[in-house]
Amino acid sequence: MVIHTITATGMTMTTLMLTDSSQTAVGDLSLLGLMQLVSPALPIGAFAWSQGLESAFELGWVTNEDQLGDWLEGVLEDGLTRCELPLLVRLQTAWATNDNAGLAHWNQWLHATRETAELSDEDTRLGSALIRLLDSLELMPTEGRMPEDPGYVTVFAWAAHMRHVPVRQTLLGFAWAWLENQLAVACKAMPLGHTAAQRLTERLRPKLVHAVDQALTREDNELGPVLPGLALASAHHETQYSRLFRS
């Protein structure tokens, strides 16, 4: 902010008023911390999982760009907005308020929603990988705070809390990472060209914002994914003859 002052001699004095530099630094570090957390380069092995999408290709349910967009919109609307995203709200709040009972409850609730062995295994393994990474960075909570068998969403919420990321931005980052991973799967297994993947990103960016808006208003009794197609694809994938991905 610049302030101009007229002195008694008629000269104009210019004063530069700085914002609180420490507050700005915290905001910048939070943004960078979120970017680190959602980066495809984060070494947790997320690239190895397709969340049933590989089987959707194999079964002929998704064969082109438009169908893939419809599939992803469905998973976002009936899955993430009813499960992972509102759970992130509750889990990050629980971390911030030292609510260990709430952490344990929502972590177990999330485990109970995983309909197949592969989906459950993905959540557990990604959570374990993120814990190992955070431990190596000396960012783990004090002993006894992490709930038993913490899943990926639970650990992600802790990392966002540690990075001072606002809850809404945590949800946007998580949804963005999910979309990037799903499009990377399609580029490898469909195949989908990179230009087509960017068109889908443009199509789905507003949907991510809408999904976050919905997730922030969900009541507890409105939670729970409604994804029978994804569950069937994931179950089929467990016995699929040829696979690139672990789910």
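The values are calculated or read from the model by the stated rules, or taken from the named source; none is laboratory data. Nothing here was measured: the structure is a model prediction, and the numbers come from that model. Positions of Cβ are generated from backbone atoms using ideal geometry, with glycine treated the same way; all protein chains shown enter the neighbour counts. Each accessible area value is taken on the protein alone, full model and side chains, heavy atoms only, with ligands, DNA and RNA left out. Shrake-Rupley method; radii C 1.70, N 1.55, O 1.52, S 1.80 Å.
The table that follows gives values for the structure above.
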| read-out | value |
| --- | --- |
| Yes/no for Lys207 being open to solvent by 30 Å² or more (accessible area, probe 1.4 Å) and touching a residue at least 60 places away in the same chain (Cβ under 8 Å) | yes |
| Near pairs, Cβ below 7 angstrom, 6+ apart or cross-chain, from segment 233-247 (modelled with pLDDT under 80) to any residue that is small (Gly, Ala, Ser) and not in a helix (DSSP H, G or I) | Phe245/Ser50; Ser247/Ser50; Ser247/Gly52 |
| Yes/no for Ala186 being touching a Leu at 6+ places or on another chain (Cβ under 6 Å), open to solvent by less than 80 Å² (accessible area, probe 1.4 Å) and more than 26 Å from Ser128 (Cα to Cα) | no |
| Matching residues, segment 64-97, being without any contact (Cβ under 8 Å) to a residue 40 or more places away in the chain and assigned to a loop (DSSP other than H, G, I, E, B) | Asn64, Thr97 |
| Criterion (touching an Asp or Glu at 6+ places or on another chain (Cβ under 8 Å), charged (D, E, K, R), buried (at least 17 other Cβ atoms within 10 Å of the Cβ) and more than 17 Å from Leu208 (Cβ to Cβ)) met by exactly one of Arg114, Arg125, Arg82, Arg90 | Arg114 |
